[in-house]
Amino acid sequence: MIEKVVSLSKRRGFVFQSSEIYGGLNGCWDYGPLGVELLKNIKEEWWKSMTYREDIEGLDASILMHPKVWEASGHVANFTDPMIDCKQCKARFRVDTLGDAISEKKKKKIIRAFEENLSDENKEKLNDIYNIHEELDERFEAILESKDLSFELLSEVNCPNCGNKGQFTEPRNFNLMFKTFVGPVESEDNVVFLRPETAQGIFVNFVNVLNSSRQKLPFGIAQIGKAFRNEINTKNFLFRTREFEQMEMQYFVKPSDDKKHYDEWKESRIAWYKNLGISEDKLRFHDHPADKLAHYAKEATDVEYEFPFGWGEIEGIHNRTDFDLSKHQEFSGKSQQYFDDETKERFIPYIIETSAGASRSFMAFLVDAYHEEEVNGEQRVVMSFHPKLAPIKVAIFPLVNKDRMPEVAREIEADLRPFMKVFYDSKGAVGRRYRRQDEAGTPYCITVDNQTLDDRTVTVRERDSMEQERVSIDELLPVLLNKLK
Ligand code: ATP
């Protein structure tokens with residue numbers, strides 16, 4: 001199914017491989033004419049839901065930041081993935097993903113062989129893992145992630161690329177930040193990083209936004225922007241790429257209110273996806289168990305979507321405590337405290353983070369919208385986007401290219417264009433024009449036909465039900481605006 005979505009994406013201009021004529025660049029994708037509209041609409045809906053309210057301000061921080069930011073945040077020391085190379089075929093893998101392609105039966109066999117050879121000390125460590133995780137898959141992954149145990153488990157595992165058993169190098173940590181230099185001299189003193197997340201731009205502007213906006217706790221700062229990670233394995237189309245876009249909102253709260261806001265944001269974020277049409281049964285939370293929490297987090301959950309290849313995170317919601325602001329206070333020497341007028345207390349606020357991938361949720365919206373169905377013995381492919389997200393809102397067709405139909409259709413086009421993205425199509429049979437719009441996810445198609453010339457009405461055809469109604473040309477704009485709401 002994912003192949004069909006990738007192929008439709010290319011054919012219809014949603015997503016192209018980056019630099020395709022040169023063979024592509026791994027982990028990078030380009031958004032085509034329809035894709036850029038869909039992506040823009042997703043970001044716009046997010047932006048409206050976040051910032052068209054009293055307590056959240058917007059921000060657009062620069063991608064390059066002072067290198068100290070990444071020391072304070074822990075990224076220089078901790079933003080690493082353990083990786084291994086196969087000594088035989090030289091393929092490189094992220095250690096924790098090695099279980100992905102192994103069947104349950106095989107995993108059981110591997111674990112049995114591994115348990116038999118363990119030292120007593122490591123047996124205890126294994127027991128700790130078994131006490132936390134009950135599922136085989138989770139146990140397998142936790143062993144791979146354990147510094148002490150993973151290498152021994154790996155000696156029982158076959159290389160996913162060449163099939164040789166236990167031929168791996170010891171796991172090594174690989175920092176995921178892209179490095180570059182400011183100015184003409186390529187020296188260690190001039191190193192800067194492409195930001196791996198937009199969040200730090202928000203944290204370091206906390207005091208600026210607080211003072212300029214005169215907000216009081218609780219309040220948030222929202223930002224949409226590009227982030228870069230030198231991922232070891234890019235895979236699954238747009239799911240894990242090296243350049244991507246994030247939509248992050250950091251909500252600053254009184255420490256004692258953290259739980260309340262964390263729970264509220266959890267509910268409101270999953271509702272956002274549902275309200276924009278994502279199938280409810282394909283969304284769930286995955287709460288992080290205590291042993292998997294990131295170094296900064298007190299509580300964390302992922303909003304997950306069930307992709308064709310399995311469940312995957314599309315957004316993270318974290319209680320980051322006062323970790324970030326405390327670290328920036330320590331490293332910069334500038335106070336990051338908040339003064340509470342009422343209680344006359346000074347303290348560093350806690351942060352509840354909602355961190356969504358624009359590109360990853362684009363993929364979820366794309367996959368979720370894809371439908372195949374049979375209509376009158378013919379197959380039809382429909383992208384059932386929510387009207388707010390649909391790249392093109394309305395297509396306009398003259399039934400035939402004569403009898404003043406094109407002129408009337410062009411008039412309608414000119415009337416609607418200032419209000420929405422419209423598409424004019426006069427080529428081919430009307431049935432085929434409908435199919436093309438179904439594939440683009442256009443919610444409404446307007447056809448100017450013989451009757452139009454008599455009574456100034458047109459047919460408006462709805463994408464999913466394929467039902468048609470006649471609407472007077474004079475009523476078209478309000479009718480469509482109402483339907484698209
Ligand atoms: P993963 O474990 O899947 O790498 P993560 O836990 O590192 O993700 P966060 O750091 O919490 O992700 O980033 C927040 C969001 O940014 C994710 O939910 C995802 O939507 C998006 N994101 C992170 N890394 C990538 C990537 N390489 N490609 C596309 N989107 C990404």
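The values are calculated or read from the model by the stated rules, or taken from the named source; none is laboratory data. This is a predicted model, so every value here is computed, not measured. Please note: Cβ atoms are built from the backbone with ideal geometry, for glycine as well, and neighbour counts cover all protein chains shown. What goes into the accessible areas is simple: the full protein's heavy atoms, side chains included, and nothing from ligands, DNA or RNA. Shrake-Rupley method; radii C 1.70, N 1.55, O 1.52, S 1.80 Å.
A few notes on this one:
- Whether the stretch 13-82 is rounded, prolate or oblate, judged on the alpha carbon gyration tensor where a/c under 1.5 counts as rounded: oblate
- Gyration tensor (alpha-carbon) shape descriptor, the stretch 398-472, a/c threshold 1.5: rounded
- For the pair Asn78 and Val375, label points projected 7 Å from Cα toward Cβ lie 5.2 nm apart.
- With R₀ set to 45 Å, the beta-carbon distance separating Trp311 from Lys216 gives a calculated FRET efficiency near 0.70.
- Note on Ser472 and Lys274: the model spin-label points, each 7 Å out from Cα along the C-beta direction, lie 4.0 nm apart.
- Net charge of Cβ neighbours under 11 Å - reference Cys159; Lys, Arg +1; Asp, Glu -1: +3
- Applying a DSSP loop filter and a limit of 16 other Cβ atoms within 10 Å to the chymotrypsin sites (Phe, Trp or Tyr not before Pro) in the stretch 264-325 leaves Phe309.
- For the chain, calculated [θ]222 nm from helices alone, where every DSSP H run of n ≥ 4 adds -39500 (n - 2.57): -10500 deg cm²/dmol
- Principal axis box of the stretch 86-209, alpha-carbon based, largest edge first, Å: 56, 37, 27
- With respect to the chain, whose longest principal axis is taken over its alpha-carbon atoms, helix 358-369 is tilted by about 50°.
- When the P(r) of the stretch 220-287 is calculated, the portion above 14 Å amounts to 73% of the C-alpha pairs.
- Cα gyration tensor shape of the stretch 127-273, rounded if a/c is under 1.5, else prolate or oblate by comparing a/b with b/c: oblate
- Ligands, DNA and RNA left out, the 1.4 Å accessible surface of the chain is 46% carbon and sulfur atoms.
- Principal axis extents of the Cα atoms in the stretch 339-380, from largest to smallest and rounded to whole angstrom, are 73, 19, 9.
- A convex hull fitted to the Cα coordinates of the chain yields 205 cubic angstrom per residue.
- In this structure the stretch 80-175 gives 59 Å² per residue of accessible area when probed at 1.4 Å with all protein chains present.
- Phi angles across the stretch 123-136 convert, under the Karplus curve 6.51 cos²θ - 1.76 cosθ + 1.60 with θ = phi - 60°, into 3J(HN,Hα) values of 4, 5, 5, 5, 4, 4, 5, 5, 5, 8, 10, 9, 6, 4 Hz, Gly and Pro given as x.
- Helix 323-332 axis, angle to the chain major axis (alpha carbon atoms, nearest 10°): 70
- Charge tally in the Cβ shell below 15 Å around Ser335, where Lys, Arg are +1 and Asp, Glu are -1, Ser335 excluded: -2
- Computed lengthening from Ala429 to Glu462, 0.36 nm per intervening residue step minus Cα-Cα distance: 10.1 nm
- Spin-label model distance (nm) - Val479 vs Glu71, 7 Å beyond Cα toward Cβ: 6.6
- Whole-angstrom gap from the stretch 236-272 to the stretch 51-108, using each part's C-alpha centre: 17
- The packing ranking of peptides 462-469, 249-256, highest mean first, is 249-256, 462-469, where packing means the average number of other beta carbon atoms within 10 angstrom of each residue.
- For the chain, averaging the sequence separation of C-alpha pairs within contact (under 8 Å, six or more residues apart) and dividing by the residue count gives a relative contact order of 13 percent.
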